[in-house]
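Worksheet: one structure, shown below.
Rule-based calculations on the coordinates, nothing more; no lab input. What you see is a predicted model, and the numbers here were worked out from it, not measured in a lab. FYI the Cβ positions are ideal-geometry reconstructions off the backbone, even for glycines, and counts take in every protein chain you see.
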Amino acid sequence: MGVFIVLEGIDGAGKSTQAKMLAEWFEERGHEVVLTKEPTDTAFGKLIRRLVLTGGRVGIIDGAKISHEAEALLFAADRAEHIHKLIRPALEEGKVVISDRYFYSSLAYQWARGLDLEWLIDLNRFAIRPDIAILLDIPAKESMRRIKGRAIKTEFDRIFELQRSVRNNYLKLAEMFPEIRIVNAQNSVEDIHRDIIGLIEQEIFKRA
Ligand code: TYD
């Protein structure tokens, strides 16, 4: 079996930058890496972008055109396809899979939408657990500073409130799921990368 690593965090936490750096780190060490993300680029991911997200601006902000439950089900359907078509086969081939967001995003965001956490956990129970889920933690204020260009001005307060509640949810989830490890994502890109590598060496390679 390969190694399955997930990066999580609120919008603007730096997940995609760190995912790329981590992928390069593994490749330099001779591993075959699959770098992936949720929502995916499959038909389900496209449906989510069309029905739920705000045209590539700040993700899930301006309210779904669909019910929150349908939104959670779409993210879960996208995830099921992601696992069956890509994640599981890659792990079976011994590859390193790095996913930018996974089911913890559904718990943190859809819980912030007001859905029941237990229902969300049940809904996502099919999702294989990663070896480690790294939570890139930044305060909502810092997130807003970073995503300013992506945010719609008139939506600022609502976006800020959502980011704040999603961040708090992530921190609560970190107490419930032992595989979630927190990294302070206010540091420099290089320092964050170093912290992530430290965790990977400690949590994954110590077991090898
Ligand atoms: P994001 O990582 O911003 O994707 P992209 O940059 O490709 O648009 O994710 C889009 C938004 O979707 C983000 O605000 C988080 C949200 N989201 C959920 O609410 N639930 C989920 O299960 C996932 C995977 C994402």
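Quick notes on this one:
- With both labels modelled 7 Å from their Cα along Cα-to-Cβ, the residue 51 to residue 121 distance reads 2.6 nm.
- Gap separating the Cα centres of region 33-50 and region 118-172, nearest whole Å: 18 Å
- Per the Debye formula on identical point scatterers at the alpha carbon atoms of the chain, with no solvent, log10 I(q)/I(0) at q = 0.08, 0.09, 0.15, 0.18 Å⁻¹ is -0.25, -0.32, -0.95, -1.40.
- Rounded to 10°, Cα long-axis angle of helix 68-82 versus longest principal axis of the chain: 20 degrees
- Within straight-line reach of residue 148, meaning a Cα separation under 19 Å, sit the following aspartates and glutamates at least 8 residues removed in sequence or on another chain: 11, 62, 137, 157, 161.
- Neighbour count of at most 13 Cβ within 10 Å plus DSSP loop: longest GluC sites (Glu not before Pro)-free window in the chain: 94-208
- Taking 0.36 nm per residue of separation and subtracting the Cα-Cα distance, full extension of the segment from residue 129 to residue 81 would add 15.7 nm.
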